[in-house]
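Nothing in this text is a laboratory measurement; each read-out follows from the coordinates by a stated rule. Small disclaimer: the values here were computed from a predicted structure and weren't measured. Virtual Cβ from ideal backbone geometry, glycine too; neighbours counted across all protein chains shown.
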Amino acid sequence: MLNLLHVGLGPLGRIMVSDIARRGIATITAAVDIDPALSGKKLSDVVPECGFDCPISPSIERATTLAALGQGSAQRGGATPFDAALLTTSSDLATCAPSLRELCALGLPIVSTCEELLYPWLRHKALADELDALAKRHGARLLGTGVNPGFLMDTLPVAATAVCRAVRSVKVWRIQDATTRRIPFQKKIGAGLDDAAFNAQVQDGSLRHVGLGESIHFIAHYLGFKIDRWEESIEPVKADRDINATIGPIKQGAASGVRQFARAWGRTHPKPETRNPKPDPSPILELTFQAAIGQSDPHDRIVIDGEPPIDLTLKGGVHGDIATSAISLNAIPSLIAAPPGLHTMATIPLVRFVR
C-alpha cells in the first residue's frame, strides 16, 4: 500500500482524505496545512472517518521529518518516507510553486488539483520549464488534474477524437447544478451576489472558473490546432426565484452562479491553405461553463464537427467534488509509471479506476 503525503486540508482536501480511507488504496502518513488551528492535531481529529493518526504539520519540511522519524527512514534506504504526494491548496500556480518545488526536491510523484497546472505553459511558461527541469533533476513526476480542468472539458474531448479521420471544431458544455457543491465552490461562482458585487469580484479576479483557457490550449496542442486568437468572457446567471441555499438565501434577480465562455479562432492545420487565405469566422474551439444553484437540466456535452461527427452527452452531469477526488487518486499509479518531469493528462499512461 502506498504511503502518501497530503498537503492542503480545505473542503476538497478533506474529501480526498476520506476517499483514500474509504477506498483503502493508500495510507496517509503525513499531512500539511498552514492553518495554525490545525497544527499538531491528528488527521483523524479533522477527518474522523479516515482513521489516519498522523500529526498535521505546518510545513512540508516538518511533515517529512516527523514521518521519517516515525517510520524509520533507514528502512527505506534513507530515502523520503513517502511514495507520492497530493497537493490541494490553490488554483493559482504561482501560489503553489513553493510547495511544488519542495515536493519535487523530495523526488516524489506529485498529483495536484491546481487548475493552472493542467496546461501551465499558457500563463506560466518560465515556471513550467523550471518545474519540469527540477522534477527531472530529482526524479520527480508532476501532474495537474481534476474533473475540470483535467478531464471533462479537455482530456475527454481529445480522447473522443481518436475515432475521427478529420476534426474541424470542438465544442464543450459543462452545465452544473451547484446546489450540492462545497461552499467555497459556491462562493467562487458568485452565488448570492448582486450585480455590483459580482462585477467587482470579476474585476479583482476572485470570481471566475479557473482553467477554461488552459483547457482550450490543451485541446489545441494535442489536436495540432493553431490558435490565432482567443478570448474569455464571464457573466452572472440570475436566480429566477428566491432560493434557500447552503451558502445563504439568494434573492430573485441576484446571481445564482456564473456563465463563462472561452473561444478560439485559428486553423485546424498548422499551415494555412493558400487557396483559402481568409480565416473562418467561426471558432474552432468553444467551451461553455455554467454553474448555478438550482440549475435545471445539468449535463456535460461534447460536440465534435468531424468525420464521423460526435455528439456525446453525460446526462445529469458529473459531480465535481466526487470526480475531482476520484481522478486525482486514480491518477497516482499512472503518474508513478511515467518518466520524471512535468506531465499533462495526455503524457501519462491512461488514467482509470484503481482499487
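Quick check: pseudo-label points 7 Å beyond the Cα along Cα→Cβ at Ser233 and His269, how many nm apart are they? Placing both labels 7 Å beyond Cα along the Cβ direction yields 3.1 nm. Toward the positive end of the charge dipole of the chain, with +1 on the Cβ of Lys and Arg and -1 on the Cβ of Asp and Glu, the farthest Cα among Cys50, Pro309, His299 is that of Pro309. Each of Arg165 and Thr347 was given a label point 7 Å from its Cα along the Cα-to-Cβ line. The distance between the two points is 3.2 nm.
Computed extension length for Arg62-Asn244: 61.2 nm, one decimal, from 0.36 nm per residue of separation with the Cα-Cα distance subtracted.
Please give the length that would be gained between Val354 and Asn199 if that part of the chain were fully extended, namely 0.36 nm times their separation in residues minus their C-alpha to C-alpha distance (nm, one decimal). Extra length from Val354 to Asn199 when fully extended: 51.6 nm. Computed per residue of the chain from DSSP H runs no shorter than four, each worth -39500 (n - 2.57), the mean residue ellipticity at 222 nm is -9000 deg cm²/dmol.
Taking the Cα centre of the chain as origin and assigning +1 to Lys and Arg Cβ atoms and -1 to Asp and Glu Cβ atoms, the resulting dipole is close to 620 debye.
By the count of other C-beta atoms within 10 Å, a proxy for reagent exposure, Leu100, Leu117, Leu335, Leu223 are ordered fewest to most as Leu223, Leu335, Leu100, Leu117.
Based only on other Cβ atoms within 10 Å, what is the fewest-to-most ordering of Val210, Val163, Val318? Mind dumping the intermediate values first?
Working: Val210 17, Val163 11, Val318 20.
Lowest to highest Cβ neighbour count: Val163, Val210, Val318.
Its Cα gyration tensor gives segment 289-345 an equivalent ellipsoid, and the semi-axes of that ellipsoid, as √(5λ) in whole Å with the largest first, are 28, 20, 9. With all pairs of different C-alpha atoms in the average, the Kirkwood value for the hydrodynamic radius of segment 222-331 is 17.3 Å.
Per 0.36 nm of contour for each residue apart, how much would the distance between Lys315 and Met1 grow if the chain were fully extended, relative to their Cα-Cα spacing?
On the way: separation 314, 0.36 × 314 = 113.04 nm, distance 3.53 nm.
Length difference between fully extended and current span is 109.5 nm.
A crude spin-label estimate for the pair Ser44 and Ile322, with each label 7 Å from Cα along the Cβ direction, gives 2.8 nm. Treating each Cα of the chain as one equal point scatterer and applying the Debye formula with no solvent, the log10 of I(q)/I(0) at q = 0.11, 0.12 Å⁻¹ comes out as -0.78, -0.92. Using C-alpha pairs under 8 Å with a sequence gap of at least 6, the mean separation divided by the residue count of segment 1-148 gives a relative contact order of 21 percent. For the set Lys171/Lys238; Lys251/Lys315; Lys171/Lys315; Lys125/Lys171, the pairs lying more than 22 angstrom apart at their alpha carbons are Lys171/Lys238; Lys251/Lys315; Lys125/Lys171.
Over the chain, what is the mean sequence separation of C-alpha contacts under 8 Å (at least six apart), divided by residue count, expressed as relative contact order in percent?
On the way: 784 pairs, mean separation 67.4, N = 355.
Computed value for the chain: 19 percent relative contact order.
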